[in-house]
Amino acid sequence: MKDSIGYEASSGARADRDAAPPETTPAPRLMRAAVLHDVARMDVRNVVRPEPGLRDVLVRVAAVGLCGTDFHIFAGHANYQTDRRGRPIPLRDAPQILGHEIAGTVLEAGRDVRDLAPGDAVVLDQGLNCSSAAREPKCEYCASGDSHQCEQYGEHGITGLQGGLADYLVVPAVNAIKREGGLPHEEAALTEPLACIIHSSQAVVRAGAASRYQLDATDSERRIKSVLVAGAGPAGLLFIQYLRQVAGFDGLLLVSEPDAGKRALAERFGAEPIDPRATHIVDAVLDRTNGRRVEYLIDASGAAQVFADMPGLIRKQATVLLYAHGQSGLDLSVLNNIQFKEPMLVSPVGASGGFEPDGRPTVYRQALRLLESGRINVQPFITDRYRSLDAVPDAFGDAHRRPGYVKGVALLA
């Protein structure tokens with residue numbers, strides 16, 4: 001006779017004596033990770049190592065780019081792990097492992113994985129979507145090529161799922177894009193931010209039909225002739241290269257940046273730099289556009305002052321790409337004079353996009369190929385390298401605020 005949970009009931013001492021010894025669950029394997037357990041409190045700890053499922057790969061993390069989003073989460077200025085009401089869950093209640101710009105090597109592949117094998121070098125799409133879950137039919141967002149808005153979206157290193165600042169990471173195989181050639185791990189890790197720039201630029205193109213000004217307009221009066229990029233951090237430098245090397249923009253390309261080293265990099269990549277500490281940005285833009293202002297403004301700075309200056313920087317019905325996050329300290333009334341000029345405001349997020357026939361994300365593959373071909377060059381602005389997990393907590397100190405810092409990468413293997 002069986003009891004209520006399915007085990008055979010004992011019938012006395014002999015049954016007990018003859019029974020097989022109880023099975024024991026093997027102890028979980030451990031790994032090391034940089035764990036953010038409260039605001040501005042990060043330690044390297046032993047955590048349970050994830051195990052791959054049938055459709056997954058286990059990746060040995062080799063390099064992780066450190067993003068402004070990571071620093072915002074660390075400092076308590078942002079938290080994207082939320083409850084069902086959309087309220088942030090405190091880090092002390094739900095510690096996080098950050099890192100979403102990830103390159104590594106496949107260590108194990110699940111039984112159903114046919115196109116990746118141990119030893120393959122990969123970059124990762126950290127966003128989980130319908131393709132990740134082999135879910136059909138896809139939700140309306142994945143079906144329309146907006147994968148990072150998936151109805152059931154989750155993101156490694158951002159929304160509470162384990163990120164890359166650890167020894168290992170498990171992802172669905174379709175979230176791992178195989179690398180070709182000899183691109184170094186540290187450069188491959190920047191596939192994700194470049195994919196974000198591609199997605200944002202494509203969003204501007206899609207909005208172009210409703211915009212007065214367009215990059216590829218055949219009508220001279222409607223063609224974008226001048227662009228201002230606010231900020232020459234990693235995103236700004238990628239936008240500059242994308243405009244010149246991919247979009248083929250040959251007009252006036254201005255960049256506003258207070259740091260001299262970043263201005264030099266921007267000039268190297270084809271922009272005309274402006275030091276906003278030496279001259280007011282509006283005056284500088286008016287001088288260089290002969291009073292016309294710009295038809296296209298990209299905010300890659302996250303500085304709220306951009307919004308205060310915007311009415312003086314843009315032409316009427318200009319296109320404004322709101323890329324950066326983290327703005328604070330200005331009253332919303334600054335929008336009044338912006339709205340008066342009727343700009344087209346485009347505010348994409350992440351590296352959203354459609355899928356290749358093999359289920360992998362199109363924009364990540366595009367970004368990786370641009371890096372591998374050398375059309376986009378990220379090596380010059382990787383300024384800081386942290387060569388072990390033990391060095392990662394220090395990377396979240398004040399190093400990223402010093403003059404000369406552009407981009408940090410954690411090298412873990």
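Filter the range 26-37 down to the residues that are exposed (fewer than 13 other Cβ atoms within 10 Å of the Cβ) and outside any loop (DSSP other than H, G, I, E, B) and list them by number. Quick ask: steps written out before the conclusion?
Applying the first criterion (exposed (fewer than 13 other Cβ atoms within 10 Å of the Cβ)) to the range 26-37 yields 26-30.
Result: Leu30, single match.
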**Fill in**
Every listed condition ((1) in contact with a strand residue (DSSP E or B) (Cβ under 8 Å, 6 or more places away or on another chain); (2) modelled with pLDDT of 95 or more) holds for Arg85 save (1)
**Prompt:** What's the number of the condition Tyr141 fails, among (1) under 18 Å from the mean Cα position of the chain (by Cα); (2) within 30 Å of Pro88 (Cβ to Cβ); (3) open to solvent by 40 Å² or more (accessible area, probe 1.4 Å)?
**Reply:** (1)
**Complete:** Cys67 vs (1) crowded, with 21+ Cβ neighbours inside 10 Å; (2) modelled with pLDDT under 95: all pass except (2)
**Request:** Within the range 276-309, track down each residue that is surrounded by 20 or more Cβ atoms within 10 Å (Cβ to Cβ), assigned to a loop (DSSP other than H, G, I, E, B) and of a type in the set (Ser, Thr, Tyr).
**Result:** Ser301
**Item:** Hits in the range 130-178 - residues which are small (Gly, Ala, Ser) and in a strand (DSSP E or B)
**Value:** Gly154, Ala166, Ala176
**Message:** Between a residue in the range 80-98 that is within 16 Å of Arg41 (Cβ to Cβ) and without any contact (Cβ under 8 Å) to a residue 60 or more places away in the chain and any residue that is open to solvent by 50 Å² or more (accessible area, probe 1.4 Å) and hydrophobic (A, V, I, L, M, F, W, C), which pairs come within a Cβ distance under 9 Å, given they are 6 or more apart or on different chains?
**Reply:** Pro90/Val39; Leu91/Val39; Arg92/Val39
**Message:** Just to be sure before I move on: is Gly181 part of a loop (DSSP other than H, G, I, E, B) and either out of contact with any Ser or Thr (no Cβ under 7 Å at 6 or more places or on another chain) or more than 27 Å from Lys341 (Cα to Cα) (or both) in the structure I sent?
**Reply:** yes
**Prompt:** Hey, among the residues in the range 200-228 that are in contact with a Leu (Cβ under 7 Å, 6 or more places away or on another chain) and among the aliphatic types (A, V, I, L, M), which one's surrounded by the most Cβ atoms within 10 Å (Cβ to Cβ)?
**Reply:** Leu228
**Prompt:** If we keep just the residues of the range 247-275 that are in contact with a strand residue (DSSP E or B) (Cβ under 8 Å, 6 or more places away or on another chain) and part of a helix (DSSP H, G or I), which is least open to solvent (accessible area, probe 1.4 Å)?
**Reply:** Ala266
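Test Val44 against the stated conditions and say whether it is open to solvent by 40 Å² or more (accessible area, probe 1.4 Å), touching a Lys or Arg at 6+ places or on another chain (Cβ under 7 Å) and not basic (Lys, Arg).
Details: open to solvent by 40 Å² or more (accessible area, probe 1.4 Å): yes; touching a Lys or Arg at 6+ places or on another chain (Cβ under 7 Å): yes; not basic (Lys, Arg): yes.
Judged against the criteria, Val44 is a match.
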**Message:** Checking Asp358 against (1) part of a loop (DSSP other than H, G, I, E, B); (2) open to solvent by less than 50 Å² (accessible area, probe 1.4 Å); (3) over 19 Å from Ala247 (Cβ atoms); (4) modelled with pLDDT of 95 or more, only one condition comes out false. Which one?
**Reply:** (2)
**Message:** Step by step: first the residues of the range 365-413, then only those that are in a helix (DSSP H, G or I), more than 19 Å from the chain's Cα centre (by Cα) and not acidic (Asp, Glu), then the one that is surrounded by the fewest Cβ atoms within 10 Å (Cβ to Cβ). Which residue is that?
**Reply:** Arg401
**Prompt:** How many of the residues making up the range 98-129 are assigned to a loop (DSSP other than H, G, I, E, B) and surrounded by 24 or more Cβ atoms within 10 Å (Cβ to Cβ)?
**Reply:** 6
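Limited to the range 310-343, what total is found for residues that are hydroxyl-bearing (Ser, Thr, Tyr), in a loop (DSSP other than H, G, I, E, B) and under 22 Å from Val255 (Cβ atoms)? Outline the logic, then answer.
Of all residues in the range 310-343, those hydroxyl-bearing (Ser, Thr, Tyr) come to 319, 323, 328, 333.
Within this subset, residues satisfying the condition of being in a loop (DSSP other than H, G, I, E, B) are 323, 328.
Restricting the remaining residues to those that are under 22 Å from Val255 (Cβ atoms) gives 323.
Looking only at that region, the number is 1.
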**Prompt:** Does Val334 satisfy the criteria of being β-branched (Val, Ile, Thr), free of Cβ contacts under 8 Å to residues at least 40 places away in the same chain and under 22 Å from Asp216 (Cβ atoms)?
**Reply:** no
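The values are calculated or read from the model by the stated rules, or taken from the named source; none is laboratory data. Here the structure is a predicted model, which is why all the values come from computation and not from measurement. For neighbour counting, all protein chains shown are included, and Cβ atoms are generated from backbone atoms with ideal geometry for every residue, glycine included. Accessible surface areas use protein heavy atoms only, side chains included; no ligands, DNA or RNA. Shrake-Rupley method; radii C 1.70, N 1.55, O 1.52, S 1.80 Å.
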